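Engineer: Pasting in a structure now, in structure tokens, and then I'll have a few things to ask.
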Amino acid sequence: MPDFNQPLGGNEMPRFGGPATMMRLPTQPTAAGLDVAFIGVPLDIATSNRPGTRLGPRQIRDESRMLRPYNMATRAAPFDSLQVADIGDVPINTFHLPKTVDIISAFYDEVLGHGCTPLTLGGDHVITLPILRAIAKRHGPVGLIHIDAHADVNEHMFGEPIAHGTPFRRAQEEGLLAHGKVVQIGLRGTGYAAEDFDWCRQQGFRVVTAEACWYRSLEPLMAEVREQMGDTPVYVTFDIDGLDPSVAPGTGTVEMGGLTSAQGLEIVRGTAGLNIVGGDLVEVSPPYDPSGNTALMGATLLYEMLCALPGVKRRD
């Protein structure tokens, strides 16, 4: 049986000690030999309101220290199945956003060259665009499951084409997204025009507003999403503001009326069985998260993404 990396257990080292890595996993400098890599992108220079997501990866890692290797609900045993490590942070240029976008794409191109699936700790939501650029080079256009309060399809922000509110318009324009394979879940709030979400629908995106999710389980929705995606390569991007601020207040652009934590779990768990080629959890802003609860939500959702990946064994 292969010797898979394991998270450092709480009986070997107190939870408040040990390495400050995702789930206290071993670290290595590259993705060589890995099936899955946790990667941080400490970026917030593309944000439009409250900053602080540059500190997100560090805080998500810290709050991941209570996560244990076995998923008691889904029976997933990712560390019995896959070689996983934390390969640290992308060395972004915090003074130059266009350069940073290129740095991110090049970093992920190298990771994907090892046959490794990236799971990313953000960082603001602009990071998904360069990651998708790298993934599309390997897999072609991908399906997208996008959980968010906002559609992030602005034509520009302050005249700039690249910002955290524009990544999915650019991704669609660049042909990075598979036709008829984009689902956006949790959209809500106020807009600049009544038609703000209509551009998405005109592209063939399925838009599931937060109001359509209220008071119901999202398991039936995810069954429909799995049928829609089929065997297409799929990328999962989860903006923590998709959750309601009652459970995830530590983010830059909060909107009331969001998804519950249980619905967030239903969505991510509902991706199991899909051909997932990567995922991210973005927009955790620790300065607005004094309890650490938002980062804990983020860490748990990233663990659930790991559990949903192809090749993960499940215990009887």
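The values are calculated or read from the model by the stated rules, or taken from the named source; none is laboratory data. It should be emphasised that the depicted structure is a prediction, and the values quoted were computed from it without experimental measurement. When we count neighbours, we look across all protein chains shown, and the Cβ atoms used for this are built from the backbone with ideal geometry, even at glycine. Just so you know, the surface numbers come from the protein's heavy atoms only, side chains and all, with ligands and any DNA or RNA stripped out. Shrake-Rupley method; radii C 1.70, N 1.55, O 1.52, S 1.80 Å.
Engineer: Within the range 25-42, which residues are over 27 Å from Pro167 (Cα atoms) and open to solvent by less than 10 Å² (accessible area, probe 1.4 Å)?
Structural biologist: Leu25, Leu34
Engineer: Of everything in the range 108-124 that's in a strand (DSSP E or B) and of a type outside the set (A, V, I, L, M, F, W, C), which residue is surrounded by the most Cβ atoms within 10 Å (Cβ to Cβ)?
Structural biologist: Keep residues of the range 108-124 that are in a strand (DSSP E or B), which gives 117-122.
Filter again for of a type outside the set (A, V, I, L, M, F, W, C), leaving 117-118, 120, 122.
Values: Thr117: 24, Pro118: 23, Thr120: 26, Gly122: 31.
Ranking the candidates gives Gly122 first.
Engineer: Further question: Looking only at the range 5-20, which residues are touching a helix residue (DSSP H, G or I) at 6+ places or on another chain (Cβ under 6 Å) and either of a type in the set (D, E, K, R) or surrounded by 15 or more Cβ atoms within 10 Å (Cβ to Cβ) (or both)?
Structural biologist: Gln6, Pro7, Leu8, Arg15, Gly18
Engineer: Just need a number here: residues in the range 43-100 that are aliphatic (A, V, I, L, M), crowded, with 23+ Cβ neighbours inside 10 Å and part of a helix (DSSP H, G or I).
Structural biologist: Number satisfying all stated conditions: 1.
Engineer: Given the criteria farther than 16 Å from Arg201 by Cα, charged (D, E, K, R), open to solvent by 50 Å² or more (accessible area, probe 1.4 Å) and at pLDDT 95 or above, does Glu174 qualify?
Structural biologist: Here the answer is yes, as Glu174 does meet what is asked.
Engineer: Residue under question is Val225, and the condition is that it be touching a Gly at 6+ places or on another chain (Cβ under 6 Å), touching a residue at least 60 places away in the same chain (Cβ under 8 Å), farther than 13 Å from Gly298 by Cα and among the β-branched types (Val, Ile, Thr); does it hold?
Structural biologist: no
Engineer: Which residue is surrounded by the fewest Cβ atoms within 10 Å (Cβ to Cβ), if the candidates are limited to the range 215-244 and must be farther than 19 Å from Leu132 by Cβ and among the hydroxyl-bearing types (Ser, Thr, Tyr)?
Structural biologist: Tyr215
Results for (1) over 14 Å from the mean Cα position of the chain (by Cα); (2) within 26 Å of Ser81 (Cα to Cα); (3) small (Gly, Ala, Ser), shown as yes or no for each residue.
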site: Asp231; (1), (2), (3): yes, yes, no
site: Thr271; (1), (2), (3): no, yes, no
site: Pro287; (1), (2), (3): yes, no, no
site: Met305; (1), (2), (3): no, yes, no
site: Arg315; (1), (2), (3): yes, yes, no
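Engineer: Moving on. Taking only the range 104-124 into account, find how many residues are in contact with a helix residue (DSSP H, G or I) (Cβ under 6 Å, 6 or more places away or on another chain) and either closer than 19 Å to Ile60 by Cβ or not hydrophobic (A, V, I, L, M, F, W, C) (or both). Explain how you work it out, then say what you get.
Structural biologist: Of the range 104-124, the ones in contact with a helix residue (DSSP H, G or I) (Cβ under 6 Å, 6 or more places away or on another chain) are 104-105, 108-109, 112, 118-119, 121-124.
Next, only the ones that are either closer than 19 Å to Ile60 by Cβ or not hydrophobic (A, V, I, L, M, F, W, C) (or both) stay: 104-105, 108-109, 118-119, 121-124.
Number of matching residues: 10.
Engineer: Out of contact with any Cys (no Cβ under 8 Å at 6 or more places or on another chain) and either modelled with pLDDT under 95 or farther than 17 Å from Thr120 by Cα (or both) - does that describe any residue in the range 52-64?
Structural biologist: Scanning the range 52-64, I find no residue that is out of contact with any Cys (no Cβ under 8 Å at 6 or more places or on another chain) and either modelled with pLDDT under 95 or farther than 17 Å from Thr120 by Cα (or both), so the answer is no.
Engineer: Check the range 181-201 and report whether any residue there is modelled with pLDDT of 95 or more, surrounded by fewer than 16 Cβ atoms within 10 Å (Cβ to Cβ) and either at positive phi or touching a Phe, Trp or Tyr at 6+ places or on another chain (Cβ under 7 Å) (or both).
Structural biologist: Taking every residue of the range 181-201 in turn, none turns out to be modelled with pLDDT of 95 or more, surrounded by fewer than 16 Cβ atoms within 10 Å (Cβ to Cβ) and either at positive phi or touching a Phe, Trp or Tyr at 6+ places or on another chain (Cβ under 7 Å) (or both).
Engineer: What pairs can you find where one residue is in the range 125-146 and surrounded by fewer than 24 Cβ atoms within 10 Å (Cβ to Cβ) and aromatic (Phe, Trp, Tyr), the other is part of a strand (DSSP E or B) and at pLDDT 95 or above, and their Cβ atoms are less than 8 Å apart, with a gap of 6+ or different chains?
Structural biologist: Cβ pairs passing all conditions: none.
Engineer: Another question about this same structure. Please specify each residue of the range 290-316 satisfying the condition of being surrounded by fewer than 24 Cβ atoms within 10 Å (Cβ to Cβ), among the aliphatic types (A, V, I, L, M) and assigned to a loop (DSSP other than H, G, I, E, B).
Structural biologist: Across the range 290-316, the qualifying residue is only Val312.
Engineer: Oh, and also: Scan the range 12-33 and report the pairs whose first residue is touching a residue at least 40 places away in the same chain (Cβ under 8 Å) and whose second residue is among the acidic types (Asp, Glu) and open to solvent by 20 Å² or more (accessible area, probe 1.4 Å), with Cβ atoms within less than 9 Å and a gap of 6+ or a chain change.
Structural biologist: So the pair list comes out as Gly18/Glu12; Ala20/Asp62; Thr30/Glu110; Ala31/Glu110.
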